[in-house]
Amino acid sequence: MNILKETFGFDSFRNGQEKVINKLLDGESALAVFPTGSGKSLCFQYPAVIFKNLTVVVSPLIALMKDQVEFLQSRNIAAARLDSTLSWDEVKQIYSDLRQNKIKLLYVAPERLSNERFTHVLEGLTIDLMVIDEAHCISEWGHNFRPDYMKLARISEVLKVGRVLTLTATATPAVVKDICREFKINSENYVNTGFYRPNLELRFLPSANSEKPKLLIREVSNSLPGPAIVYVTLQKTAEYVAGFLQEAGIDAKAYHAGIKDEVRHKIQDWFMASDSAVVVATIAFGMGIDKANIRQVYHYNLPKSLENYSQEIGRAGRDGMPSQCMMFADSADMITLQNFTYGDTPEPGSIRRLTEYILSQDHTFDISSYQLSGEFDIRELVMSTYFTYLELLNILTAVAPYYSEYKVKFNKTKDEIYGAFNQERANFLKNIFEFGKKGKIWLTIDIKSCANSLGEERNRIAKALNYLEENGFISLQVSGIRKIYRFNAYSNENRVANSDTLIEQLQALFVKREERDIVMSNNVIKLLEHPGCKVRYILEFFGENFNKECGHCEWCITKSDTTPMKHEEYNFTKEDKLLIDNLRNNHPGVLDSPRQISRFLCGISSPKASRTRISYIAEDGIERKRTLTRHRDFGKFAKIPFSKILQFCNV
């Protein structure tokens, strides 16, 4: 059977595909670094059809999951996806199909593999292949480090996966090294097809923020006909830009994480179906979007890094036709990007207090990231990075997280449920139900308290309730996710004795992380300031030799300078000093430290600021409350470098 032609409808493999596929068919793991739109998906879909058992595809991109599952199903390949858009009935059906070996490819988000209800299902299955899409997320040297990705290598070993395929469109030599080390990939199994895209014209236009609207309207109006993406940094900018494009008669819509899911899905469907749509988006848009005829990609604001830039322009011209990528170069954009990097760094005092709290816990303990985030004023994503550091330092090992509360609704009578099991199991279930707190419809069970009361393993109770739901005896609602960690042969005495050393290590790691992110953003400025072929500069950044001028970038076309516009520095006043003193005095515990105040003045929300409510007099004369992030001075210095504000706050 000609699988390539008859199953997938292709006459031949693209560059690199066959080599990767053969490595997997030989039972070996591999890393494939292919440009966006160059056929990474076939590298695992083809062998998945041949393999007897399951292929699990790990991807953070719901759009990609949806598109690829629909494509596979149209080819009569049994594929499914598990994501937040599915109902519990749909999830249960997928679980049932998995147990009956009816699914060949299952697409999941990386966070799903931290879900104990899901891992219970996978533990009973044979997984021939695990695919890690956007694999650069595993590396702190990558442009989109995600702590959940750090755990995937260990999870693949626990699930006894046959082989692993890691995929990404952008990877510097340092990122490649990290991926191969974590997933034990031999160097000869690293396949890189190159980053050069001859059909993309890379243009760079130095421009002040006030000039950008008219420049963008001009460029969109006079560009090649076809769909376009305009990338911006902030959600409010997406709305603003989409608004003035609409006023100019351009078919544009905003897309960002602040829009409801169903609206975002409609915007995405609208864009996919159109030959002229312009979507104005934060970086969330475009990842996994399989639209071949995007003719323009505009960067209204500077990209976060050269890795981000490479991925984002890679969404243009996938059909091989001429396409243009335009970046509006304004140094003020870099201030905004770097301010968010500085704002993410926890202050030393927060790291110390959090670490002392963690070291005081039992050998095995559980935490709520949300609660710790508010208590120690560290964003939840940064909190995840903190615990990842503790794992990398071999202080902790993450155990499967659990839900602290289960709510049970009976679909059958208790006697019918007990009658379906032997006496010992029936008594076990009876004890669980008797422990629960009765409501009008739902029985609420605190799993940890129930386990302690009954002298049973918490895992056994959770598995029993999940089994009852899967077989229709009950319906479940779960909440209150708690992460479990275990100390690695680290006694309480040793923890206390070595606490200062550990705290210093953690503080240094966050400083190093901040410095690394600043370097990555400064690489964009270096590209703009480079007096030579921009394409060659980018290719060499990714470790690819390109010993000629491309002929289709700004430098090659115009030989003009693309250094970003410079702006006058702000001089702080006595009134600014008074404002800082007032903020500190009026909001103790929330705006105490220079870094907390600097974040606030830059317009960067923190857990304490976003959860603190302040009183104000509304227009109707009634006293009301709103979050501190809606204070009139929140973001007052958003256009000033964070480091300068921090220095002024320390005076």
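Each reported figure results from applying straightforward, stated rules to the coordinates on display, with no laboratory input. Computed from a predicted structure; not experimentally measured. Virtual Cβ from ideal backbone geometry, glycine too; neighbours counted across all protein chains shown.
Could you work out the mean projected area of the convex hull around the alpha carbons of region 1-107, in square nanometres to one decimal?
Spelled out: convex hull of the Cα atoms, projected over all directions, averaged, 7.2 nm².
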Set of region 346-360 residues, backbone N closer than 15 Å to the point 7 Å along the Cα-Cβ line of Thr501 = none
Measuring from a point 7 Å past the Cα of Asp592 along Cα-to-C-beta, which residues in region 330-357 have an amide N at less than 11 Å?
-> 349-350, 353
Computed FRET efficiency, Cβ-Cβ of Phe421 and Arg611, R0 30 Å: what is it to the nearest 0.05?
-> 0.10
Selected from Ser643, Leu628, Thr612, residue furthest toward positive end of dipole (region 574-649; charges at beta carbon) = Ser643
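As a test, work out the antiparallel percent of DSSP beta bridges whose residues both lie in the chain, rounded to the nearest 5.
Percent antiparallel among DSSP bridges in the chain is about 35.
Count charges around Ser643 for me, please; just the other residues with Cβ under 15 Å from its Cβ, Lys/Arg as +1, Asp/Glu as -1.
Once positives and negatives cancel, what remains is -2.
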Give, in whole angstrom and from largest to smallest, the semi-axes √(5λ) of the equivalent ellipsoid of region 348-492, with λ running over the eigenvalues of the Cα gyration tensor.
-> 36, 16, 12
State the Cα centre-to-centre distance between region 1-80 and region 344-420 in whole Å.
-> 36
Taking all pairs of distinct alpha-carbon atoms in region 574-649, Kirkwood radius in angstrom | 12.8
Förster radius 51 Å - calculated FRET efficiency between Lys574 and Asn53, Cβ distance, rounded to 0.05 | 0.10
Spin-label model distance (nm) - Asp269 vs Asn650, 7 Å beyond Cα toward Cβ = 5.3
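Could you compute the net charge surrounding Asn209? Neighbours are other residues with a C-beta less than 15 Å from the C-beta of Asn209; K and R count +1, D and E count -1.
+1
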Over 29 Å between Cα atoms, which of Lys266/Lys534; Lys151/Lys412; Lys483/Lys639; Lys23/Lys104; Lys40/Lys483; Lys412/Lys448 qualify?
-> Lys266/Lys534; Lys151/Lys412; Lys483/Lys639; Lys40/Lys483
Percent antiparallel among DSSP beta bridges (both partners in region 348-492, rounded to 5) = 100
With Gly317 itself left out, Lys, Arg at +1 and Asp, Glu at -1 over residues whose Cβ is under 12 Å from its Cβ give +3
Debye log10 I(q)/I(0) at q = 0.07, 0.10, 0.11, 0.12 Å⁻¹ for the chain, Cα point scatterers | -0.53, -1.10, -1.31, -1.50
Based on the mean of other beta carbon atoms within 10 Å per residue, what is the order of 335-347, 173-185, most packed first?
-> 335-347, 173-185
Pulled fully out, how much extra length does the chain show between Glu239 and Arg632, if you take 0.36 nm times their separation in residues and subtract their Cα-Cα distance?
-> 139.4 nm
Calculate, in nm to one decimal, what Asn22 and Asn2 gain on full extension: separation in residues at 0.36 nm each, minus their alpha carbon distance.
-> 5.7 nm
At q = 0.12, 0.15, 0.17 1/Å the base-10 log of I(q)/I(0) from the Debye formula over the alpha-carbon atoms of region 3-192 is -0.53, -0.86, -1.13
Evaluate the distance, in nm, between pseudo-label points positioned 7 Å from the Cα of Leu381 and of Asn431 along their respective Cα→Cβ axes.
-> 4.5
Using 1/(1 + (r/R0)^6) with R0 = 22 angstrom and r between the beta carbons of Glu549 and Val511, what's the FRET efficiency to the nearest 0.05?
-> 0.05
With a point put 7 Å past each Cα toward its Cβ, work out how far Asn459 is from Asp261 in nm, to one decimal.
-> 2.9
Binned Cα-Cα distances of region 190-246, short to long, each 5 Å bin given as a whole percent | 4, 12, 21, 23, 15, 10, 7, 4, 3, 0
